[in-house]
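Okay, so here's the structure we're looking at.
The values are calculated or read from the model by the stated rules, or taken from the named source; none is laboratory data. The structure presented is a predicted model; accordingly, all values stated were derived computationally and were not measured. As a convention, Cβ positions derive from the backbone with ideal geometry for all residues, glycine included, and neighbour counts pool all protein chains shown. For accessibility, only protein heavy atoms count, side chains too; no ligands or nucleic acids. Shrake-Rupley method; radii C 1.70, N 1.55, O 1.52, S 1.80 Å.
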Amino acid sequence: MDNQDWLLVSLWVHVPFITAWIGLVMLDTVAVFAPGLEGVQRRRLLLWSRVFVLIAIPVIMATGIWQTIENPFFRVEAYSGLKELRDRTLYGDLLFWKHGFVLATFGLTILVRFILAPRLPSEPSMGMSGGAATMEQTATGTLRLVQLATVLNLASCLGAVLLATRMVAELH
Ligand code: HEM
């Protein structure tokens, strides 16, 4: 297996993982905006894929870095090479801006799953006594934050895919 064979294997891993990643963000969108769901149901829909997220981030990073090293223009073996790829090719400049969207979706996905979703109610709301009403207000506030983070996450994924598509168009 030479470097080009490993590049093919890397793309065969990168593309399914980023597709699943975007699928998860779309599922988040349903989980946080679908009418008629209780907070506890939204919480469960956001939390179940935490293990996948912890596996997907290093896999996407590792394959992305290998594809960057083995890019179609010249082999990048140091940070200076990455800067040269960006300065000398549109592909390299697009990849630089794509990283921005990638870091955004990684950060927002971690924020939603590990910080905000655990704050959503873990018990179904039973009627509206004093304490429950306050909890409901907090839950609504948290839900608004999760909805905002999810919309930004969807936009970040779209940005990464549009830039990656433009990168690949450079190869034709
Ligand atoms: C959620 C995050 C990511 C998304 C949505 C994403 C999306 C994509 C897509 C759609 C492609 C095009 C595949 C093709 O048709 O060739 C691609 C290729 C690529 N990605 Fe990513 N990617 C992500 C993360 C990363 C990261 C973290 C890196 C770098 C560290 C990276 C570097 C690359 C490179 C170099 C290519 C190869 C393009 C080529 O030469 O064919 N990607 N990515």
Positions within the range 124-155 being open to solvent by 60 Å² or more (accessible area, probe 1.4 Å) and either at pLDDT 70 or above or among the β-branched types (V, I, T) (or both), in sequence order: T134, T138, R144, L145, L148, V151, L152, L154
Where V15 falls short, out of the listed (1) closer than 30 Å to P121 by Cα; (2) open to solvent by 30 Å² or more (accessible area, probe 1.4 Å): (1)
Every pair of residues 6+ apart whose Cβ atoms lie under 6 Å, when the first sits in the range 20-34 and is within 11 Å of the ligand (Cβ to nearest atom) while the second is open to solvent by 20 Å² or more (accessible area, probe 1.4 Å) and part of a helix (DSSP H, G or I): V25/L154
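Can you pull out every residue in the range 63-79 that is assigned to a helix (DSSP H, G or I), out of contact with any helix residue (DSSP H, G or I) (no Cβ under 6 Å at 6 or more places or on another chain) and touching a residue at least 40 places away in the same chain (Cβ under 8 Å)?
Result: G64, single match.
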Hits in the range 51-79 (condition: more than 9 Å from the ligand (Cβ to nearest atom), over 24 Å from I110 (Cα atoms) and open to solvent by less than 80 Å² (accessible area, probe 1.4 Å)): F74, V76, A78
Cβ pairs under 9 Å, 6+ apart, first in the range 103-125 and in a loop (DSSP other than H, G, I, E, B), second hydroxyl-bearing (S, T, Y) and open to solvent by 60 Å² or more (accessible area, probe 1.4 Å): P121/T138
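Identify the residue in the range 80-102 that is among the hydroxyl-bearing types (S, T, Y) and part of a helix (DSSP H, G or I) and, among all such residues, is nearest to the ligand (Cβ to nearest atom). Walk me through how you get there before you give the answer.
To start, the set of residues in the range 80-102 that are among the hydroxyl-bearing types (S, T, Y) comprises 80, 89, 91.
Retained after the next criterion (residues that are part of a helix (DSSP H, G or I)): 80, 91.
Details: S80: 17, Y91: 7 Å.
Checked the range 80-102; the qualifying residue nearest to the ligand (Cβ to nearest atom) is Y91.
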